[in-house]
Amino acid sequence: MSLTQTKPDVTRYDAGFAGHRGLTLVRGEGAFVFDDTGRRYLDATAMYGVASIGHAHPALAVAVAAQAGRLVACFASYGNDQRAALQERLATLLEPLDRFFLCNSGTEAVEAAIKMARATTGRAGVVALSGAFHGRSLGALSATFRGKHRDAFAPLVPGFTHVRPGDREALNAALTEDVGLFLVEVVQGEGGVKPIAAAYLREAQRLCQERGILFGVDEVQTGIGRTGRWFAYQHAGLAPDLVCLAKGLGGGFPIGAVAFHGARVSLGDGTHGSTFGGNPLACAAALAVLSVIDGQRLVERAAAHGERLVVQLEELLAGNDKVRAIRGLGLMVGLELTVASMPLQRALQERGFLTLGAGPRVLRLLPPLTTSWAELECLAVAIAEELGS
Ligand code: PLP
């Protein structure tokens, strides 16, 4: 028997769809994750925007452990105290939206929103924007824009069109009587951390109201404080009919949701569901996350830190010809480069910073909302140094 413990081969049986980063992460603490050699990394990805309150937050760990010892499974035909409490909390955050379908991921939330729009309006058409990312199941993928995500899976669901953000004529022409849903990210995440102009969004909402089209906002990435408001649509003064949530809501525990107007949007009894959707464990996790965000005023902190981070990056990178633009809303920040972003992401990983791309030339930062200013400043300095500033 060997006394040396062999490490598992982490890629041997993996599907391999994700493009492996060459690290095996085994533990987290606050804004940091640790690999299997004990090396520490500042996680400016929040693991794709989910670790909103940081890693291994004690409040989340305690809530999940306590609920695991009480009741884990309870499907939606039975009421549950945790689910009801979460729905009540969401109702205060998303007022006047007053009904919540709970599921397990962002894609499922978008898929449900597409079905709700069909059932409510009797129209199958969906209009989304060029650059949009709404998920990877066949319905959600049909609303997603990039060929890289779509092309291998044709034919997709018919009736979906994409219009260029800001092109009002194209929007006006696309929102026909066959369309039941306009779906939009207020800041496009995968599309390059691109905020969509508030005036254009308000115009889209007005046209939707006039034409009986549901105005749906995909807040899967932008929601739950990420952009410095609870929801990004609040920056633009919108009043959506549907809001899709996931990622940061569970702080890493899988949960998704669609918030909607009970009086205006319907699907019908028994027509949609999810075995795990709204399970007590996920709801307890989400309640803990929302309570930490409230208690630590993390939404306000995301707004302040995000603004400061953009200013700091602008200062450090002034005149750098590898940087075309720096964009951000709260702690959702993108650096548009004149070069590919992957080599920069690799170099930053070598230095102990995990970052994301958003398309080939954008470096995307989605740190936990709990990340301290000192940690963000280190990140900004490392980025500037790696870009030669
Ligand atoms: N919508 C948006 C805006 C997203 O950013 C994502 C994921 O990145 C999704 C939907 C899909 O969410 P999930 O990966 O949880 O299915």
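The values are calculated or read from the model by the stated rules, or taken from the named source; none is laboratory data. In this text the structure is predicted, and so the values were computed from the model without any measurement. Glycine gets a Cβ as well: all are built from the backbone with ideal geometry, and neighbour counts include every protein chain shown. Only protein heavy atoms, including side chains, enter the accessible area calculation; ligands, DNA and RNA are left aside. Shrake-Rupley method; radii C 1.70, N 1.55, O 1.52, S 1.80 Å.
Applying the condition of being β-branched (Val, Ile, Thr) and closer than 15 Å to Val186 by Cα to segment 126-150 and asking which residue is farthest from the ligand (Cβ to nearest atom) yields Val127.
Before we move on, is Ala286 out of contact with any His (no Cβ under 7 Å at 6 or more places or on another chain), aliphatic (A, V, I, L, M) and not in a helix (DSSP H, G or I)? No: the conditions fail for Ala286. Scanning segment 303-337 for residues that are closer than 24 Å to Gly251 by Cβ, at pLDDT 95 or above and either touching a helix residue (DSSP H, G or I) at 6+ places or on another chain (Cβ under 9 Å) or not hydrophobic (A, V, I, L, M, F, W, C) (or both) yields Ala304, His305, Gly306, Glu307, Arg308, Leu309, Leu329, Gly330, Leu331, Met332, Val333, Gly334. In the set (1) surrounded by fewer than 20 Cβ atoms within 10 Å (Cβ to Cβ); (2) within 22 Å of Arg327 (Cβ to Cβ), the condition left unmet by Pro165 is number (1).
Inspect all residues belonging to segment 68-83 and state whether any of them is assigned to a helix (DSSP H, G or I) and out of contact with any Cys (no Cβ under 8 Å at 6 or more places or on another chain). Lay out the reasoning, then the answer.
So in segment 68-83, the residues assigned to a helix (DSSP H, G or I) come out as 68, 81-83.
Imposing the further condition that a residue be out of contact with any Cys (no Cβ under 8 Å at 6 or more places or on another chain) reduces the set to 68, 81.
Yes - at least one qualifying residue is present in segment 68-83.
Residue under question is Gly192, and the condition is that it be touching a residue at least 60 places away in the same chain (Cβ under 8 Å) and in contact with a Lys or Arg (Cβ under 6 Å, 6 or more places away or on another chain); does it hold?
Details: touching a residue at least 60 places away in the same chain (Cβ under 8 Å): yes; in contact with a Lys or Arg (Cβ under 6 Å, 6 or more places away or on another chain): no.
When the stated conditions are applied, Gly192 does not pass them.
For beta carbons closer than 8 Å, sequence separation of 6+ or different chains, a first residue in segment 207-232 that is assigned by TED's automatic domain parsing to the domain that holds Thr120 and a second that is of a type in the set (S, T, N, Q) and open to solvent by less than 10 Å² (accessible area, probe 1.4 Å), the qualifying pairs are Ile224/Ser52; Gly225/Ser52; Arg226/Ser52; Phe231/Thr222; Ala232/Thr222. What do you reckon, is Gln345 in a helix (DSSP H, G or I), closer than 22 Å to Arg226 by Cβ, touching a strand residue (DSSP E or B) at 6+ places or on another chain (Cβ under 7 Å) and polar (S, T, N, Q)? Against the criterion (in a helix (DSSP H, G or I), closer than 22 Å to Arg226 by Cβ, touching a strand residue (DSSP E or B) at 6+ places or on another chain (Cβ under 7 Å) and polar (S, T, N, Q)), Gln345 qualifies. When every residue of segment 144-152 is checked against the conditions, none turns out to be crowded, with 18+ Cβ neighbours inside 10 Å, hydroxyl-bearing (Ser, Thr, Tyr), out of contact with any Leu (no Cβ under 6 Å at 6 or more places or on another chain) and closer than 22 Å to Gly270 by Cβ.
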